[in-house]
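The block underneath contains the structure these notes are about, expressed in structure tokens.
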2 protein chains.
Amino acid sequence: MINETYKQRLAAKSVIRELSEYATARGAEIGYENVFDYSLGNPSVPCVDGYTRAVIDLHETLSPAELHGYSPSLGNTKVRGIVAASLKKRFGIDYETKHIFMTSGAAGALAHALRAVTKPGDVVLTFAPFFPEYMPYVNDTGARLSVVPANTEDFQINMEAFEEMLTPEVQAVLINSPNNPSGVVYSEATLEKLADLMRQKAAEYGHDIFLISDEPYREIVFDNKKAPYPSCFYDNTLSCYSFSKSLSLPGERIGYIAVNPKATDADILAVIFGQISRGIGHNCPSSTIQMAVARVIDQTSDISVYERNRNLLYDELIRLGFTVVKPNGTFYIFPKALEEDSVAFCSKAKNYDLILVPADNFGCPGYFRMAYCIDTEKVERSLEALRRFVQTEYPNR
Amino acid sequence: MINETYKQRLAAKSVIRELSEYATARGAEIGYENVFDYSLGNPSVPCVDGYTRAVIDLHETLSPAELHGYSPSLGNTKVRGIVAASLKKRFGIDYETKHIFMTSGAAGALAHALRAVTKPGDVVLTFAPFFPEYMPYVNDTGARLSVVPANTEDFQINMEAFEEMLTPEVQAVLINSPNNPSGVVYSEATLEKLADLMRQKAAEYGHDIFLISDEPYREIVFDNKKAPYPSCFYDNTLSCYSFSKSLSLPGERIGYIAVNPKATDADILAVIFGQISRGIGHNCPSSTIQMAVARVIDQTSDISVYERNRNLLYDELIRLGFTVVKPNGTFYIFPKALEEDSVAFCSKAKNYDLILVPADNFGCPGYFRMAYCIDTEKVERSLEALRRFVQTEYPNR
């Protein structure tokens, strides 16, 4: 019989998807260039030329058997080595081939990482604001996601609330820095405090607590800065990466898990991930795409576009009187709505063809998200709509 | 903490993998051309040229955003339509776009199909001999795989045993025709009896019983025949397909589920699969590879090689006095060993550089599998080794 648990979910619609569909429909009426669609986190800049050249070259030079044969279930061994070497060089952690497991994007990475270090009934903590897909990602493993309330001051971590919620049932902590939806990068001080607390509680409870670090936006950081790398602060870290955003390849589903070499069972965790693959039907990402990203491992798309967009939006939002933390990375900004009910706020914005996402699902009611991975020219035109929206709907602020 | 269930599995080694590793190591000693490696089901013929041309053309003509953007979570809509039209034309079933769900190969298809029509605690029946990966595929969903004993006469279905085991707890029946490891194609008569019995029991128990049909070898059928298509015999059928074998693309992880339009909830099953994806980290296969296979949807690699290999091996096995059912398809043959203990039999064969897989894991002890997806020239050379092996080790038969 049809599984009722999954069937009943169909009633709950995705707010982001509905807004995106609305934007598309509205675009059909007035021209999509006139819809200021800030709904979706779909990278707008093209992938690097080197990636395209790599795919074509692989098809022109390798034999079909070399290119399309089964990849080992942990990933192409040479590719894993290239990933390990790149991470070692960049972050100074002694990764080897055995610590890398190739996945179908960050979603695939999280599916493996979560199952490897939790069992049904365990609690996984994350921090508001958070990517709403974490709910099914975690809860469908049989573990339970529990959300630490936001520190709305700067969207770093609310350490008091975290300490209180870090009970013996917690087996893993899931972070996402640079963060979707806030755009904030966790500081070194934040990661140090997080790690200290986790070490202290792990010792107190007598069991490991793993840090699962979801890092699809790791490369998208502004002001010539780098995001502090969580695995440098805490040994029991599984870094979950995707090339979707850094190389603008979201449709290709390619990423990896990097196991900190000092983690418990570091030498066998990738093999455990391989066992998990069998039951969830994963069996590693496309052999061709693994080889292609390995050839452009240290490159990124032109992410300067996102920084320009951030500057334009942030400055205008501040001018208009919004409360907003300046994003250090990603392509999201997360202002406080101008009324308590952010659903009502975003609904009114639609009348100005501004597609904004209310943040109730992100664990931060009263805020809204703008995904500014769109053309800068369109961001510029949207500012006038934003001004009209605020001045007309909220004249007495 | 590390999940002990998965960790403990590491102790159980894969027989096929161990043999394959032995073959590689032995090849390093004596030259791989001298190792008659019948261990792995990795297609030996190249993919069709049209596939290679399609990938290159897609990269040369589409914009990166069109090619690499997020694919809808149920799969590229146009590609789903092309799959539906192809199946409709070939099998006369009224598939539409909404009945097709794109997956990462057959493993991905089964991961979704099983979860959609069972819940933890349910029983899924399959038939010996069976692909050993069905154990984790099914059991990791929380359901339980139960195996109907083989009909060793012709490797069709043991209907008496099936009827007895088709209890009210059974929510799904998993078949694989053409079959790995027997090479046998289920006849129309078999599928009719199977369907009759399932309809009868579903009515008696008052609940649907779904047929999950695993069809990666659907196109690899010999003697100018076609494999009867299970979905034509039973409405509640989910056909799980992979392009791995027909197009020789096992590393690219591309396949689909086709929902019979007359199945219960046929219109929403693909959307239910989409819900399942979220928790298992799937999020649809590579956008590029979806588009590329759609361009060669009705082609196959040169599978005539497998038929020549089947003929050579079958004839020699019969001459040597083996009990063996003639395969109608796939690239497997499944003879009875010449002693009761097929592990001992296959172990002795290694002394003749014949790599054969004992079939205990396939639910059919006393048999062994040969995967003849290797060069015909090598098959020919292996026959002499096979003769020496049999005549030396089993002289008194």
**Candidate lysines - alpha carbon under 20 Å from residue B:225, same-chain residues fewer than 8 apart omitted** = B:88, B:89, B:245, B:326
**Item:** Nearby lysines by direct alpha-carbon distance to residue B:119 (threshold 25 angstrom, same-chain neighbours under 8 apart not counted)
**Value:** A:7, A:13, A:119, B:7, B:98, B:201, B:262
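Between rounded, prolate and oblate, where does region B:1-66 land on the alpha carbon gyration tensor, with a ≥ b ≥ c its root eigenvalues, rounded for a/c under 1.5, else prolate if a/b exceeds b/c?
oblate
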**Request:** May I ask which residue of A:114, A:389, A:84 lies farthest towards the positive end of the charge dipole of chain A, with charges of +1 (Lys, Arg) and -1 (Asp, Glu) on Cβ and the Cα centre as origin?
**Result:** A:84
**Asked** Under a 5 Å amide H to amide H cut-off, with H placed in plane at 1.01 Å, what residues pair with residue A:210 once short-range neighbours are removed?
**Response** A:172, A:173
**Asked** So how do A:389-396, B:185-192 stack up, highest first, on mean other-Cβ count within 10 Å?
**Response** B:185-192, A:389-396
**Prompt:** Using alpha-carbon positions, what is the distance between the centroids of region B:368-397 and region A:378-397, in Å?
**Reply:** 79 Å
**Request:** Tell me the distances, shortest first, between residue A:343 and the same position across the other copies, using label points 7 Å along Cα→Cβ, in nm to one decimal.
**Result:** 6.1
**Prompt:** On a 0 to 90 degree scale, rounded to 10, what angle separates helix B:304-319 from the longest Cα axis of chain B?
**Reply:** 40 degrees
**Prompt:** In terms of the Cα gyration tensor, with a ≥ b ≥ c the square roots of its eigenvalues, is region B:6-149 rounded because a/c is under 1.5, prolate because a/b exceeds b/c, or oblate?
**Reply:** oblate
**Item:** Neighbour-count ranking [beta-carbon atoms within 10 angstrom, fewest first] of B:9, A:308, A:115
**Value:** A:308, B:9, A:115
**Fill in**
Expressed as a whole number, the average count of other chain Cβ atoms within 10 Å around the Cβ atoms of A:113-124 is 3
**Prompt:** Where the centre of each part is set by its Cα atoms, how far does region A:130-162 sit from region A:260-308, in angstrom?
**Reply:** 23 Å
**Fill in**
With one decimal in nm and the nearest listed first, the spacings from residue B:21 to its own position in the other copies, using label points 7 Å along Cα-to-Cβ, are 4.9
**Most to least packed among B:208-219, B:246-257, A:364-375, B:139-150 [average Cβ atoms within 10 Å]** = B:246-257, B:208-219, A:364-375, B:139-150
**Prompt:** Using alpha carbon centroids, what distance separates region A:51-85 and region B:20-75, in Å?
**Reply:** 9 Å
**Message:** I'd like the FRET efficiency for residue A:199 and residue A:119, computed as 1/(1 + (r/R0)^6) with the beta carbon distance as r and R0 of 30 Å, rounded to 0.05.
**Reply:** 0.85
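Taking Rh as the Kirkwood radius computed over C-alpha pairs, what is the Stokes-Einstein D of chain A at 25 °C in a medium of viscosity 0.890 mPa s, expressed in µm² per second?
Translational D for this selection: 112 µm²/s.
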**Message:** Label position 7 Å from Cα toward Cβ: report the copy-to-copy distances for residue B:391 in nm, one decimal, ordered from shortest.
**Reply:** 9.9
**Request:** About the Cα centre of region A:225-353, how large is the charge dipole given +1 on each Lys and Arg Cβ and -1 on each Asp and Glu Cβ? Please answer in debye to the nearest 20.
**Result:** 160 debye
**Fill in**
With N residues in region B:172-275, Rg(alpha-carbon) / (2.2 N^0.38 Å) equals 1.12
**Asked** Taking the highest mean first, how do the peptides A:309-317, A:236-244 order by number of other beta carbon atoms within 10 angstrom per residue?
**Response** A:236-244, A:309-317
**Prompt:** Restricting to region A:49-294, what percent of DSSP beta bridges are antiparallel, rounded to 5?
**Reply:** 35 percent
**Fill in**
What one gets for the protein assembly as shown as the Kirkwood radius, inverse of mean 1/r over different Cα pairs in Å, is 27.8 Å
**Item:** Degrees, to the nearest 10: A:49-61 long Cα axis against longest axis of chain A
**Value:** 40 degrees
**Asked** Each label point is 7 Å from the Cα along the Cα-to-Cβ direction; what then is the distance between the points at residue A:86 and residue A:347, in nm?
**Response** 4.5 nm
**Prompt:** Averaged across the residues of A:235-247, what count of C-beta atoms belonging to other chains lies within 10 Å of each residue's C-beta?
**Reply:** 1
**Request:** Ignore the peptide's own chain and count Cβ atoms of other chains within 10 Å of each Cβ in A:62-75; give me the average, rounded.
**Result:** 5
**Prompt:** What residues have an amide H closer than 5 Å to that of residue B:357, excluding those fewer than 5 places away on the same chain, when H is modeled at 1.01 Å from N in the peptide plane?
**Reply:** B:369
**Asked** Looking at the square roots a ≥ b ≥ c of the eigenvalues of the Cα gyration tensor of region A:329-397, which shape do they give, rounded for a/c under 1.5, prolate if a/b is larger than b/c, or oblate?
**Response** oblate
**Message:** With θ taken as phi - 60° and the coefficients 6.51, -1.76 and 1.60, list the Karplus ³J(HN,Hα) couplings across region B:373-380 in order, rounded to whole Hz; mark glycine and proline as x.
**Reply:** 8, 9, 4, 4, 4, 6, 4, 4
**Helix-only mean residue ellipticity at 222 nm for chain A, each DSSP H run of n ≥ 4 adding -39500 (n - 2.57), per residue, nearest 500** = -12500 deg cm²/dmol
**Message:** I need the phi-derived Karplus couplings for region A:159-168: 6.51 cos²θ - 1.76 cosθ + 1.60, θ = phi - 60°, integer Hz, Gly and Pro marked x.
**Reply:** 5, 5, 5, 4, 4, 5, 8, 7, 8, x
**Fill in**
Counting only DSSP beta bridges fully inside the protein assembly as shown, the antiparallel percentage to nearest 5 is 45 percent
**Asked** Which residue, chosen from A:357, A:93, A:370, occupies the Cα position most advanced towards the positive end of the dipole of chain A, where the dipole is computed from +1 (Lys, Arg) and -1 (Asp, Glu) charges on Cβ about the Cα centre?
**Response** A:93
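Laboratory data are not the source of any read-out in this text; all were calculated from the coordinates shown. Owing to the predicted nature of the structure, the values given are computational and were not obtained by experimental measurement. For neighbour counting, all protein chains shown are included, and Cβ atoms are generated from backbone atoms with ideal geometry for every residue, glycine included.
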